[in-house]
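Step one of this worksheet: look at the structure below.
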Protein chains: 2
Amino acid sequence: MTSDYELQVLEVNKRFYAALEALDLSQMSEVWLHEDWVKCVHPGWGLIVGWENISESWERIFRHTREIRIQLSYVTVRIEGPLAWVCCLENISNRFGEGVETAQAFSTNLFMLQNGGWLLIHHHASLTPPSSVQPSATTIQ
Amino acid sequence: MTSDYELQVLEVNKRFYAALEALDLSQMSEVWLHEDWVKCVHPGWGLIVGWENISESWERIFRHTREIRIQLSYVTVRIEGPLAWVCCLENISNRFGEGVETAQAFSTNLFMLQNGGWLLIHHHASLTPPSSVQPSATTIQ
């Protein structure tokens with residue numbers, strides 16, 4: 001059974017991807033904890049540390065993206081104390097300039113409970129081979 | 001200042017890479033939590049779910065590897081409640097058959113406190129471009 005906290009975390013996870021699809025830095029800013037130690041790895045990029053640098057990276061991505069759609073085909077969530085981690089497969093369709101690119105990435109998203117709300121503190125996404133989830137995986141969404 | 005818990009987590013993180021370098025499934029088994037929900041992504045692989053599948057993947061990697069050396073050039077650790085996460089850059093030198101391959105991977109390793117000890121519950125490693133850490137990053141090791 002999915003707990004209230006799990007539903008809240010999944011909601012913030014959805015808002016993260018909605019911000020990405022909307023190419024909206026303000027929405028993206030709302031789901032992240034603004035600290036100098038939060039971390040982000042975009043697929044194929046190096047490690048980015050601190051909200052200021054992460055914000056700049058999203059701005060750069062949004063500036064060079066015409067349209068992006070991300071369908072999550074596999075989502076799991078677990079919570080221990082004030083930390084939650086969501087794992088998901090991102091089915092990405094990316095339009096930039098005149099080109100379209102499709103890809104599949106696996107993402108580890110960590111969230112921290114802060115003043116009653118969950119905020120993203122770590123996003124690690126990396127490209128994976130297609131259809132690469134082991135069948136024993138439990139899908140909750 | 002690094003706390004006792006942080007030192008313990010870093011020690012288990014070191015034992016994880018020592019097990020990998022030793023190509024020793026028994027040592028590898030000791031650092032993981034044996035549950036069906038723990039997750040692992042090797043660089044370039046798909047998601048693997050559950051200790052049984054993860055154990056098989058290590059066995060396969062060890063069988064096809066002649067020698068592997070991993071130097072960690074960037075390590076950070078944070079703890080919230082019963083969860084810890086270590087981020088590190090793996091400088092990998094991999095010998096298989098007659099070939100040698102070098103690469104750099106970024107890794108997110110999650111550990112959970114269980115009966116006074118920390119166990120690995122999530123390993124997500126992905127190849128990154130060389131020298132890709134932002135200069136603002138804090139290196140503790």
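The values are calculated or read from the model by the stated rules, or taken from the named source; none is laboratory data. Because the structure is a prediction, the values reported are computed rather than measured. Reconstructed Cβ throughout: ideal geometry from the backbone, glycine too, with neighbour counts over all protein chains shown. Quick note on the areas: whole protein, heavy atoms, side chains included, nothing else; ligands and nucleic acids left out. Shrake-Rupley method; radii C 1.70, N 1.55, O 1.52, S 1.80 Å.
Quantify how strongly other chains surround peptide B:70-83 by giving the mean number of their Cβ atoms within 10 Å of each of its Cβ atoms.
3
What's the buried accessible area, both sides, between A and B using a 1.4 Å probe, rounded to 100 Å²?
When A and B are taken together, about 2900 Å² of accessible area is lost.
Calculate what fraction, in whole %, of the accessible area of the protein assembly as shown sits on carbon and sulfur atoms when a 1.4 Å probe is rolled over the protein chains.
C and S atoms contribute 47 percent here.
Compute the accessible area per residue over chain B, keeping the other protein chains in place, probe 1.4 Å, unit Å².
On a per-residue basis, 47 Å².
Inside 10 Å of the C-beta atoms of B:109-115, what's the mean count of C-beta atoms belonging to other chains?
Mean number of neighbouring Cβ atoms from other chains: 2.
Within a Cβ distance under 12 Å of B:Phe16, other residues only, what is the Lys/Arg minus Asp/Glu net charge?
So the surrounding residues net to -3.
Return the calculated 222 nm mean residue ellipticity for the protein assembly as shown, to the nearest 500 deg cm²/dmol, obtained by summing -39500 (n - 2.57) across DSSP H runs with n ≥ 4 and dividing by the residue count.
Only helices count here, giving -9000 deg cm²/dmol.
Between A:Gly44 and residues 5 or more places away or on another chain, which pairs have amide H atoms under 5 Å apart, with H built 1.01 Å from N, and which residues are they?
For A:Gly44, whose amide H was placed from the backbone, the distant partners under 5 Å are A:Leu127.
How big is the antiparallel share of DSSP beta bridges in the protein assembly as shown, given as a percent to the nearest 5?
Just about 90 percent of them are antiparallel.
With an 8 Å Cα cut-off and a minimum separation of 6 or more residues, compute the relative contact order for the stretch A:1-139 in percent.
23
Counting DSSP beta bridges in chain A, what percent are antiparallel, to the nearest 5?
90
Taking θ as phi - 60°, what are the ³J(HN,Hα) couplings along the stretch A:38-45 by the Karplus curve (6.51, -1.76, 1.60), each to the nearest whole Hz, with x for Gly and Pro?
5, 10, 8, 10, 7, x, x, 9
Within 10 Å of each Cβ of A:50-60, how many other protein chain Cβ atoms are there on average?
Across the residues of A:50-60, the mean count of other-chain Cβ atoms within 10 Å is 1.
Which of the peptides A:49-56, A:122-129 is most tightly packed, and how do the rest follow, judged by the mean count of other Cβ atoms within 10 Å per residue?
Per-residue Cβ counts within 10 Å, averaged per peptide and sorted highest first, yield A:122-129, A:49-56.
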